[in-house]
Each structure stands twice: as C-alpha cells, then as structure tokens.
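The values are calculated or read from the model by the stated rules, or taken from the named source; none is laboratory data. Given the structure is predicted, the values throughout are model-derived calculations rather than measurements. Glycine also receives a Cβ, built like all others from the backbone with ideal geometry; neighbour counts cover every protein chain displayed. The protein model used for the area step is the full one, side chains on, heavy atoms only, and it has no ligands, DNA or RNA in it. Shrake-Rupley method; radii C 1.70, N 1.55, O 1.52, S 1.80 Å.
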Amino acid sequence: MNMTNLVAPKKLKYQAEFFKVPSWAAKPEPGVRLNVLKDGKVVDKHEIDEDPYFLFGRLDKVVDFVLSHPTISRVHFALVHHRSGSCFVVDLDSGYGTAINGTKLVANTPTKFNNGDQLQVGNSSRTYVLHLPQAELYADVPPSKRQLQQQQQEAEMARRREEAERELQEIERQKAKEKAMRAEREREERERAEAQEREEEERMERLEQERLQKLAEERIEQERLEDQRREERRRKKEEEDRREKRRREEQRRQEEEEERERETKRKEEEAEREREAERKREEEERRREEKRRQVAEYQRRKDEAEHRKEEAKQREEETKRVEEGEKEKTEEKSEKKRSRSSANDSSEDLDAKKSKMDIAEAKAKEKARAAVWLDIAKLLITPAYTSKKLTREAYKGLLSAAMKHPFDTFDEKLPNLYALKAFLDQNLHKYDWSLSEKKALDLAFKAVLTEVQSTNKKDATPTKRSSSRNELQEQKGTLKETTPKDKKVETDSPQRVTRSRSKK
C-alpha cells in the first residue's frame, strides 16, 4: 500500500531513516488511544488514531510522541495498526528494550498489542495501556474465567512491577548517594588541585619576578655595553673621518698631478701629430713627385721603345732586302726553270703559313695576357658578382671581353691596371650600385693597386740598372767583331747585325 496517501510526506521523509513501514499497515478506526499510567493512575492519554503508525522516543524532530526518561532511546519503538484492526509493537533495537505484560520483545519484530495490555518502555515507571473502542461495548458483561485469570495475572504483574520499581528506586537512591559521594570527592580533588595551582602560580610568580629582575640587570649591563660600543664607534668614526680626509687630500693631489701629466702628454701628442702630419705631407709630396717622375720616365721609355721599334723595323727591312738580293742571285737560274704555276703555288703556301703563324702568335699573346691579367680582373669583378646583380654569364662575358680588349699597350703594369679599371667601370656603369657595393669595388681596386705598387718597388732597382746599361751600350755603339776563322757575329742588337753584314 502506498503510504503517501495516508501519511504526510514530511513525516515519511524524516522517519524513513529509522523505520520502514510494513505493507499491511492501515489507518485505524477513531477512538484508539494509549493511556499513560503512573502508580496506578492515568496521568496522560495519547491519541493514536490519525496515522497507520507512530514512533516513540526522545528525538523530538523525528518521533511522534516524545518520552523523556533517560533509559529511553532516541527512537525507541513503533506502534503499527493492522488493516484487520489489530495493533502491533516493534522494538527498534533500543538500549534498554521494550516489554508487553512483562515479556521483553525481540528487536525489529512486530508483536501483537491487545486491548488492555500494558507496555513497559526501558526502565521508566510509567505504563502504557492500549484502549480500543470495541472494548467499551462489552464493559457490562461479567468477566469470563479466562478474563479473571488474565486480571489475576495482571494484578500479579502489577505487584511485580511495583516491587521492581521499588528496587529501581532503591538502586536510584544508591546511585544518587554514590553520585553525591563522587561529587564530594571530586570537589575535594578540585580544591586540592586549586591549592596546587595556587602554589604553582605563586612559585611561577616568584620565578617571573626573579626573571624580570635578572632581565633588568641584563638590560642595565647591555645599556652600559651599548654605551661603550657607541663611544668606541664614535672614536672609530672620527678616526675614519680623519683618514678619509687625508685620503681625499692625497687623491686630490694625485688627480692634480695626473691632470698635469695628461696635459703634458696631450701637448706632446699634439706636437707628435703635427710632426706626423708634416711627415705625411712630405711623404705625399714625395709620392706625387715620384709619380710624376715615373710618368715622365714611363713616357720617355715609351718614346724610346717606339724609336727602337722603328729602328729595328728599318734594320729588319734592310736585312730582308739584302737577303732577298742574295737569294735572287743564287736562285736566279732555278727560278727561270720553274714554271709560272709552280711560282703561284709556292706564294699561296707562304701566305697560308704566314696567316697560321699570325693566328698562333695572337693566341700566344692572349694566353700571356690571361696569365698576367685574368686573376687581377677576377679580383676587380668579384665584389660585383657576389652582390647577385651580376649573373654568372655576364661575369664570364665581362672577363672574356676584358681579356680581348687591348688595354695593356704600356710597358709599365700600373698604367695598364688603370686602363683595365676604366674598361671595367665603363661596362659596370649600367648597373645600379649601392654605396656599400661601390665601396667594396673601390676597396678591391685599392688592394690590387697596393699589390702592384709593392711589386713595382721591389723590381724598380734592377730594371733601372739593366735599362741604363742597355742605353749606355746603345749610345756607345760598341761592336764585338769575331775572328775570320769562325766567322761568327754576336747579335745583341739589330744594329750590330746590320753592321756585321755590311762588313761581310
């Protein structure tokens, strides 16, 4: 059966933890109550006809009827109405138990509770008697033999209960007496403990006074020591101030001396810089003079070389004419015998050989130029190639064009270097160069220029000596004649060859 239709939900919510309502529970007929008896008198009545079950105990928030005796549990027992109209009592595992007519109930087991039965709860002196409304209908009927026996049993049980209650009262008096004696002993023990505490407090107070006195003496001693330390610190501070003052004066004198030394050194450095600048100006003037002299010497040598080339050319032409005359005289007879066709064939062969010789000579000159100038041209173009603006094909094409360009027309290496630089600048001018890239190109040229100048300085002295020796020999026009036995002529110069042939 659903209890929510018979019992309030709040009651079920709070009591479900302590008691599970059986399925046979039902709401009783009106008029069912419990009469509370004490010393054979009715002292209270509990109406138990509103719900199918009721809980009894000391926990007022859970139970329906509060029983305040100390031997009663929080939720002591439950009274449940059966759908047949009977009533049952269930002991909820209480501490001191529950009894019907002197018989102790088994915990958590429903026991029938008849009309007129007496219910004892714990050690309480109160008795609970069930009253059903059907029993009033048979109140004037004389009791039967069984009822008489039951009444006698009830009287005997009441007597026994009274004896038990008297024994309980005696036990309670004994307990009260023991409690009073225990309270007296506890009071005496408390008094003794309080006396001991007072003595301990007095002893602690004496110790505290001694400690405070000792602390005061220690404080006085500490103040005296602190005064001594302050005096000592004052003297040390005065001594440190004097030392600091002497140190600052010494430092000031040192700084003044260092300032004078720096001033003297600065003046000496300025004088040295002026002398160095003067030396640099003189050196620069000397280098310009040397450069002018080199240019003049270069121009003079160039003129002399051209003059020597012209003389050598004239001497070669004269030699060729003499040789051709001799050759014509010796081969005059053989030439008459040869036919015109053979003469033409021989002239064509000579022209082919001459053209092959010219091509080989040009290739040899190009190889010689590449051996001398290819590395220099690579050094000058490498910064432009590393900047990624000059492709590999353009780089190779520019090197090839530089090797084919006739820039090395001078006898000196330095003017040829300037000519090569001018040719490369003319070809690189079409690219857009940044300041850093231009600076890299200039630094590469300066490095090559420095290397060429250092090489010229190393080779300047022997070259001048050899050239002056050759010029002296040419001016004197010395000729070493050989003896008629070996008929050999020294060919140091084209002029000597010509003179020896003329003598022959």
Look at segment 77-126 and say how many of its residues are among the aliphatic types (A, V, I, L, M), under 18 Å from Gln15 (Cα atoms) and touching a Ser or Thr at 6+ places or on another chain (Cβ under 8 Å).
4
When you check Arg182 against the structure, is it modelled with pLDDT of 90 or more and either assigned to a helix (DSSP H, G or I) or not β-branched (Val, Ile, Thr) (or both), yes or no?
no
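Got a sec? Which of Gln196, Gln153, Gln169 is touching a residue at least 40 places away in the same chain (Cβ under 8 Å), part of a helix (DSSP H, G or I) and open to solvent by 90 Å² or more (accessible area, probe 1.4 Å)?
The match here is Gln153.
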Restricting the search to segment 85-104, which residues are in contact with a Gly (Cβ under 9 Å, 6 or more places away or on another chain), open to solvent by less than 20 Å² (accessible area, probe 1.4 Å) and free of Cβ contacts under 8 Å to residues at least 24 places away in the same chain?
Asp91
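Rundown of residues vs (1) among the acidic types (Asp, Glu); (2) part of a helix (DSSP H, G or I); (3) in contact with a Cys (Cβ under 6 Å, 6 or more places away or on another chain); (4) within 30 Å of Asn416 (Cβ to Cβ), yes/no style:
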residue	(1), (2), (3), (4)
Glu240	yes, yes, no, no
Gln251	no, yes, no, no
Glu255	yes, yes, no, no
Glu261	yes, yes, no, no
Glu269	yes, yes, no, no
Glu272	yes, yes, no, no
Glu304	yes, yes, no, yes
Glu310	yes, yes, no, yes
Lys313	no, yes, no, yes
Is it the case, given these coordinates, that Glu310 is open to solvent by 100 Å² or more (accessible area, probe 1.4 Å), of a type outside the set (A, V, I, L, M, F, W, C) and in contact (Cβ under 8 Å) with a residue 60 or more places away in the chain?
no
All-but-one check, Asn456 against (1) under 24 Å from Ala296 (Cα atoms); (2) at pLDDT below 60, failing number (2)
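Examine segment 100-115 for a residue that is more than 30 Å from Glu167 (Cβ to Cβ) and modelled with pLDDT of 90 or more, and state whether such a residue exists.
Yes, some residue in segment 100-115 is more than 30 Å from Glu167 (Cβ to Cβ) and modelled with pLDDT of 90 or more.
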Which numbered condition Arg235 misses (of (1) open to solvent by 100 Å² or more (accessible area, probe 1.4 Å); (2) closer than 30 Å to Gln453 by Cβ; (3) at pLDDT 90 or above)
(2)
Please pick out the residue among Gln251, Gln228, Gln294 that is among the polar types (S, T, N, Q), surrounded by 10 or more Cβ atoms within 10 Å (Cβ to Cβ) and within 30 Å of Lys413 (Cα to Cα).
Gln294
